[in-house]
Amino acid sequence: MRTYTATVTVLAATCITAILAGVAPAAGREPPRYVKTPTGYLMVLRRGDDVIASLEKLAETEKLPSASLTGIGFFSDVTFGFYDFGKKEFAPKTFHDVEIAGMTGSIGWKENKPSVHLHAVAAGRDFNAVGGHVLDAKVGTGSAEITLLVHDRKLERKVDPEIGANVLQVPQ
């Protein structure tokens, strides 16, 4: 019985690893960071990965029309921005070595390039939470797991002149 349990455990671990890794990478190539799912993609980023650049690359590579996303994990560095409507700009603040309590966002397109709109809440060792619009984020120890729900329509972002910020456009 012990041999059977060990075999099943190894087999399950191998299957999960294969699913998360996609296909085996060629020599010298970085392993895939995402796998297709029935509703979109599961992306697993590792230490040092740039979250926004990775999402933009996925959108371009897979030609995503648009998507909603959620995620959890760790940031080594994250810069949150609070939008000042009077100045029409973000007031940034950077935090280090924090756990992502929740991350949500969307991917649209602006001027034929992916446009990621991302918000998160993160907490440090002191359990104090901070959050806001994610201006920049690097994955810390462990990983960041991001689930993307792909939409069937290409959605564009356009600057709303009244507020000076990009707004996702819903087709009429």
With r as the distance between the Cβ atoms of T104 and D84 and R0 = 25 Å, compute the FRET efficiency 1/(1 + (r/R0)^6) and round to 0.05. 0.70
Per the Cα gyration tensor, the range 33-168 corresponds to an equivalent ellipsoid with semi-axes, largest first in Å, of 23, 21, 11
What full-extension length gain, to one decimal in nm, is calculated for T61 and V130 as 0.36 nm per residue of separation minus the Cα-Cα distance? 21.6 nm
With bins of 5 Å, the percent of all Cα-Cα pairs of the range 55-112 per bin from 0 is 4, 14, 17, 18, 22, 19, 6, 0
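Values quoted throughout were computed directly from the atomic coordinates according to the rules given, and no laboratory measurement underlies them. No experiment lies behind these values; they were computed from the predicted model shown. As a convention, Cβ positions derive from the backbone with ideal geometry for all residues, glycine included, and neighbour counts pool all protein chains shown.
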